[in-house]
Amino acid sequence: MSLPEFPVEGGCQCGSVRYRLKASPLSVYNCHCKDCQRFSGAGWSMSMIVRDGDFEVLGGETERYSRRAESGNIIVMNFCAHCHNWLWNDPPVPGIKVVRAGTLDDIDWAEPVGNIWTDSKAAWAKIDPGLVNFAKGATDRTPLFEAWTRSHQDK
């Protein structure tokens, strides 16, 4: 799948919070941790790592919730203050945000290149062994970044 022309936009369910992504994410992957299962209401959530400088909130009020992740890290989660749609995380790693890819206006181009926390996936979830997969969290995200870059070369 080819990348779109940037910038692209996304937002919450009710339309109150809107954001713009000014450049390609560093990677898109699925997270199968129990926290993502609970917050998304699904077997996993789609995560999109973006540079802080490439992410811009266009409008709307957000609420923040800090939680201790399964990894032990404190994650700041950002939701729409009106509809409570989960939009992005501020991880303890400086310079990036982890945006919920499903909140993009068009997710057709955002095909995941890997999976993290596969040890806690639902028993019925199928993991493609050809992708970049981690049993736990990805302490080094470089393989996910490289897979994303490879998947979009010459397209």
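Observations on the model:
- Qualifying positions in the stretch 67-83 - open to solvent by 70 Å² or more (accessible area, probe 1.4 Å) and at pLDDT 95 or above: HIS82
- Restricting the stretch 97-126 to residues that are part of a strand (DSSP E or B) and within 19 Å of GLY11 (Cα to Cα), the residue that is most open to solvent (accessible area, probe 1.4 Å): LYS97
- Residues that are surrounded by 23 or more Cβ atoms within 10 Å (Cβ to Cβ) and outside any loop (DSSP other than H, G, I, E, B) within the stretch 11-20 comprise just one, TYR19.
- Residues considered: PHE6, PHE39. Of these, the only one that is among the aromatic types (Phe, Trp, Tyr) and open to solvent by less than 70 Å² (accessible area, probe 1.4 Å) is PHE6.
- Residue match in the stretch 22-35 (condition: open to solvent by 60 Å² or more (accessible area, probe 1.4 Å), closer than 28 Å to PRO129 by Cα, in contact with a strand residue (DSSP E or B) (Cβ under 9 Å, 6 or more places away or on another chain) and not in a loop (DSSP other than H, G, I, E, B)): no
- Checking each residue in the stretch 127-155 for being in contact with a strand residue (DSSP E or B) (Cβ under 7 Å, 6 or more places away or on another chain) and part of a loop (DSSP other than H, G, I, E, B) picks out ILE127, LEU131, PHE134, GLY137, ALA138, ARG141.
- Selection from the stretch 46-82 of residues that are assigned to a loop (DSSP other than H, G, I, E, B) and more than 22 Å from HIS32 (Cα to Cα): GLY60, GLU61, ALA81, HIS82
- Qualifying residue in the stretch 83-96 (condition: in a loop (DSSP other than H, G, I, E, B) and either of a type in the set (Asp, Glu) or closer than 14 Å to VAL28 by Cα (or both)): no
The values are calculated or read from the model by the stated rules, or taken from the named source; none is laboratory data. Since the structure is predicted, the reported quantities are computational estimates derived from the model, not experimental observations. Cβ coordinates were reconstructed from backbone atoms using ideal geometry, including for glycine residues, and neighbour counts include every protein chain displayed. Ligands, DNA and RNA are stripped out before the accessible areas are found, and what is left, the full protein with its side chains, is counted by its heavy atoms. Shrake-Rupley method; radii C 1.70, N 1.55, O 1.52, S 1.80 Å.
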